[in-house]
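Below is one structure, written out as structure tokens, with a few remarks after it.
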Amino acid sequence: MTKCKHLIVGAGLSGVTLAERIANVLKEPVTIIDSRNHIAGNCFDYFDNNSICIHKYGPHIFHTSNKEVWDYLSNFTKWHPFFLKVRAYVDGKTVAFSFNLTSIKESFPEQLANNLINKLISVFGYGKRISILQLRSYKDAELSFLADYIYDKCFVNYYKKQWGCTPEELDASVAERVPITISTCDDYFQDKYQGIPLNGYTKMMEKMLDNPNITVKLNTPFDKSMEYENLYYTGPIDEFFDFQFGQLPYRSLEFDIREYDQEYFQNNVVVSYPDNYDFTRICEHKYFLNNKSDKTVVSFEYPSEFVIGKNERYYPIPRPETKDLYNKYLDLAKQNPNVHFLGRLGDYKYYNMDAAVERVLNFFNKGI
Ligand SMILES: Cc1cc2nc3c(=O)[nH]c(=O)nc-3n(C[C@H](O)[C@H](O)[C@H](O)COP(=O)(O)OP(=O)(O)OC[C@H]3O[C@@H](n4cnc5c(N)ncnc54)[C@H](O)[C@@H]3O)c2cc1C
């Protein structure tokens, strides 16, 4: 490979956003490589034989309150409006999830449910969103009863499956991603802008890359002999530095994707299984874009430990010791001024899609 002015490693949303900016704004040539045989990273989707859009690496719903990010991506796609609602299988039935006032009514006898709802509203206020750890710390008999119920049924086993530890062993920000909502609003996300690219994420990113200044090379892992003036690395930062301080840990997932010869499998796009069963959720893909077919495709999601060569890195594990380890790599990174680390693997940070785009736009706008 000849020497590139700009070499981007990783054709996920972070890398693709940066390639688009360099090509369209700076009007400079840029090469983007990915070890996988497709672009779009973990947002990759495709249409199967039944014209159902499959999210290969798990359900991806775009949501943001950042108008700049929404407007930016809207240059490359129209949107299918989509407001995610999740049901969870708890105590033998499905209830609204994450827990809200409707779930309380669906879980308890009427009088008890009303008492719990009134108490939640009087203590925290209608419309508030609180974390399970906050609710558990509140000293009140009724709230403790509710907190213990939700903790036992929706968090303890879920954490054991998803993270391999207890809620207390992880950064509180993880529990805050699944708050208890003190209203009947069952929208999983509260952001102003929500949707799914009308023709899928892959098509959206193809359009972002559609510029003669951009060269895309798939099936091309980064190798240290590659020559560049500037490197933007959205792969794992620890791997770049040959794991010299040790490996940054991740959780992984296995997706068991199955086709069924029936119109629908379940009555909701995502049903979570926080308590029993080895999988954590079942996702039915035809709901994303409202695809019509006599068949349906669902994926069962099984969390597991990440092991190099065996599976993929999905979720960084937010704990003080992993932050310390990441900071050691960050210090090393600062000694290489023409190498920039970005994206969820480069920054070792769980980014939603909007945060990944925002991070890259901010990086680019500062001047590269
Ligand atoms: C199961 C799951 C569900 C999610 N659902 C949502 C959701 O509903 N809404 C939302 O906003 N966000 C969601 N996300 C987050 C979303 O996937 C990320 O925000 C997004 O993928 C970040 O893009 P990225 O480019 O930083 O990383 P990635 O998508 O991981 O892309 C990195 C790319 O770099 C490539 N790469 C790595 N190392 C090398 C190397 N050495 N050489 C060449 N290529 C390399 C990889 O193959 C990959 O394609 C979800 C994430 C997961 C795991």
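The values are calculated or read from the model by the stated rules, or taken from the named source; none is laboratory data. Bear in mind the structure is a predicted one, so any value in this text is a computation, not a measurement. For neighbour counting, all protein chains shown are included, and Cβ atoms are generated from backbone atoms with ideal geometry for every residue, glycine included.
Please give the helices (runs of 4 or more DSSP H) falling wholly within the stretch 93-185 in which 2 or more residues are within 23 Å of the chain's Cα centre (by Cα).
In the stretch 93-185, 132-136, 157-162, 172-176 are the helices (runs of 4 or more DSSP H) which contain 2 or more residues that are within 23 Å of the chain's Cα centre (by Cα).
Against the definition (hydroxyl-bearing (S, T, Y), near the ligand (Cβ under 8 Å from one of its atoms) and in contact with a Lys or Arg (Cβ under 8 Å, 6 or more places away or on another chain)), how does S35 come out, yes or no?
Criteria not met by S35.
Report, by residue number, each residue of the stretch 312-368 that is over 17 Å from L18 (Cα atoms), part of a loop (DSSP other than H, G, I, E, B) and β-branched (V, I, T).
I317
Search the stretch 227-238 for residues that are on the phi < 0 side of the Ramachandran plot and pair each with any residue that is more than 11 Å from the ligand (Cβ to nearest atom) and assigned to a helix (DSSP H, G or I) when their beta-carbon atoms are under 6 Å apart and the residues are at least 6 apart or on different chains.
I237/Y329; D238/Y329
Tell me which residues, restricted to the stretch 38-56, are within 23 Å of S293 (Cβ to Cβ) and within 6 Å of the ligand (Cβ to nearest atom).
Correct list: C43 only.
Anything in the stretch 317-348 that is farther than 30 Å from C4 by Cβ and among the aliphatic types (A, V, I, L, M)? List them, or say none.
Answer for the stretch 317-348, where residues must be farther than 30 Å from C4 by Cβ and among the aliphatic types (A, V, I, L, M): I317, L325.
Within the stretch 318-349, how many residues turn out to be modelled with pLDDT of 95 or more and within 16 Å of the ligand (Cβ to nearest atom)?
So the count comes out to 14.
Looking only at the stretch 155-173, decide whether some residue is within 19 Å of F83 (Cα to Cα) and loosely packed, with under 14 Cβ neighbours inside 10 Å.
No - not one qualifying residue is present in the stretch 155-173.
State the number of residues belonging to the stretch 194-244 that are more than 10 Å from the ligand (Cβ to nearest atom), part of a strand (DSSP E or B) and of a type in the set (V, I, T).
Counting residues in the stretch 194-244 that are more than 10 Å from the ligand (Cβ to nearest atom), part of a strand (DSSP E or B) and of a type in the set (V, I, T) gives 3.
Pairs under 6 Å by beta carbon, first residue within 14 Å of H340 (Cα to Cα) in the stretch 10-29, partner outside any loop (DSSP other than H, G, I, E, B) and of a type in the set (S, T, Y), six or more apart or different chains?
So the pair list comes out as L18/Y232.
List the number of the failed condition for Q262; all other conditions in (1) more than 15 Å from the ligand (Cβ to nearest atom); (2) assigned to a strand (DSSP E or B) hold.
Status for Q262: all satisfied but (2).
Return the residues of the stretch 347-361 that are of a type outside the set (A, V, I, L, M, F, W, C) and either under 15 Å from H63 (Cβ atoms) or in contact with a strand residue (DSSP E or B) (Cβ under 7 Å, 6 or more places away or on another chain) (or both); say none if nothing qualifies.
D347, Y348, K349, Y350, Y351, N352, D354, E358
State whether one or more residues within the stretch 219-226 are among the basic types (K, R) and farther than 30 Å from L133 by Cα.
yes
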